[in-house]
Amino acid sequence: MARLAKLTIEEIRDEVLSLIAFDQPDLNIIELSDDKVEISGRLFVMPKSPENQPLGALDQFEVRIVIPIGFPAIEPLVFETGGRIERELDYHVNPNGSCCYSVWPAWLADAKDQSISEVVSGPIMDFFRWQYVRLNGIDAATAIGERQHYISGLLDAYAEVLDCSPTQKSVSSHLKVLRRKWLRSRWRCPCGSRKKIGVCCETNLRKIKGRVSPEIAEIMQEKLNSQSR
Ligand SMILES: [Zn+2]
């Protein structure tokens, strides 16, 4: 079961130091306080496939990354500070400069290891690879399979994790079941069949519950509520 570790600020700092030591030598810690670790510098964008990685970085971006206490339940904020990416939602950058690099709870549910190195080499790297492709004039939407913004993108991402249809009703009824500590066979199945779970999707639901713990389901529902408002 995917369980969220609660990290102290010292543990967050140590994960950041290991990221800098092993993967991203041009990043530096610029602020360390009780509630966050802030890093900035150049982020090297590495090729996705391991056999191309010895060729070196594709590109580099100036960034500032803020990792709040509460990580991994709370996502890091990433800002591109070199002015290369326009602050437009079409480019997945909010007006305040923060990057929409993931659907956070979906990442939490799927991540093998919820560490800072995994976030940076996973969704943050994907985001900057996408920007690199776009800045080089390639149609990234077709090349990479861009997610839609906002609620429809969130529902698509959640539907993949929950193996259900990407409607608000279906996603919410699945999350309602997954937020509970136990799964009961006599409950009505969230798939909409009107049957009991035990004679419907129980096997599949138990498999999904192995990845989506009650606390991840809670975070997913909160994010859905905040996007629906
Ligand atoms: Zn069912």
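For the chain, DSSP calls about 90 percent of its internal beta bridges antiparallel. Hydrodynamic analysis of the chain uses the Kirkwood radius over alpha carbon pairs. Inserted into Stokes-Einstein at 10 °C and 1.306 mPa s, it gives a translational diffusion coefficient of 83 µm²/s. Given axes a ≥ b ≥ c from the Cα gyration tensor, I'd like to know whether region 1-122 is rounded (a/c under 1.5), prolate (a/b larger than b/c) or oblate. Judged from the Cα gyration tensor, region 1-122 comes out rounded (a/c under 1.5). 3J(HN,Hα) along region 172-185, derived from phi through the Karplus expression 6.51 cos²θ - 1.76 cosθ + 1.60 where θ = phi - 60°, amounts to 5, 6, 5, 5, 4, 5, 6, 6, 7, 5, 10, 9, 10, 4 Hz, with x in place of Gly and Pro. What pairs in LYS6/LYS181; LYS48/LYS176; LYS112/LYS223; LYS112/LYS176; LYS112/LYS169; LYS48/LYS169 have C-alpha atoms more than 30 Å from each other? Check vs 30 Å cut-off fails for LYS48/LYS176; LYS48/LYS169. Per-residue ellipticity at 222 nm from helix content only, as computed over the chain with -39500 (n - 2.57) for each DSSP H run of at least four residues, stands at -11000 deg cm²/dmol.
In sequence order, region 72-80 has phi-based couplings of x, 4, 9, 7, x, 9, 10, 10, 8 Hz under the Karplus curve 6.51 cos²θ - 1.76 cosθ + 1.60, θ = phi - 60°, and Gly or Pro positions carry x.
Return one number: the angle in degrees, 0 to 90 and rounded to the nearest 10, between the long axis of the Cα atoms of helix 150-162 and the longest principal axis of the Cα atoms of the chain. Compared with the principal axis, the helix lies near 60 degrees.
Quick one: grab the alpha carbon gyration tensor of region 164-228, order the square roots of its eigenvalues as a ≥ b ≥ c, and give me rounded if a/c is under 1.5, else prolate or oblate depending on whether a/b is larger than b/c. Oblate, since a/c reaches 1.5 and b/c is not below a/b.
Between helix 125-135 and the chain there is an angle of about 60 degrees, using the helix long axis and the longest principal axis of the Cα atoms. Measuring from label point to label point, each 7 Å out along Cα→Cβ, what is the ALA5 to ARG42 span in nm? Result: 3.0 nm between the two label points.
Sequence-distant contacts, meaning Cα pairs under 8 Å at least 6 residues apart, place the relative contact order of region 9-145 at 18 percent. Given axes a ≥ b ≥ c from the Cα gyration tensor, I'd like to know whether region 64-133 is rounded (a/c under 1.5), prolate (a/b larger than b/c) or oblate. Cα axes put region 64-133 in the prolate bin.
Structural descriptor for the chain: relative contact order 16 percent, calculated from alpha carbon pairs under 8 angstrom and at least 6 residues apart. Sequence-distant contacts, meaning Cα pairs under 8 Å at least 6 residues apart, place the relative contact order of region 164-228 at 31 percent.
Legend: ranking of residues LYS169, LYS181 from fewest to most surrounding C-beta atoms inside 10 Å; resulting order LYS181, LYS169.
Rule-based calculations on the coordinates, nothing more; no lab input. Every value quoted in this text rests on a predicted model; they were computed, and no experiment measured them. With ideal geometry, Cβ positions are generated from the backbone for all residues, glycine too; neighbour counts draw on all protein chains shown.
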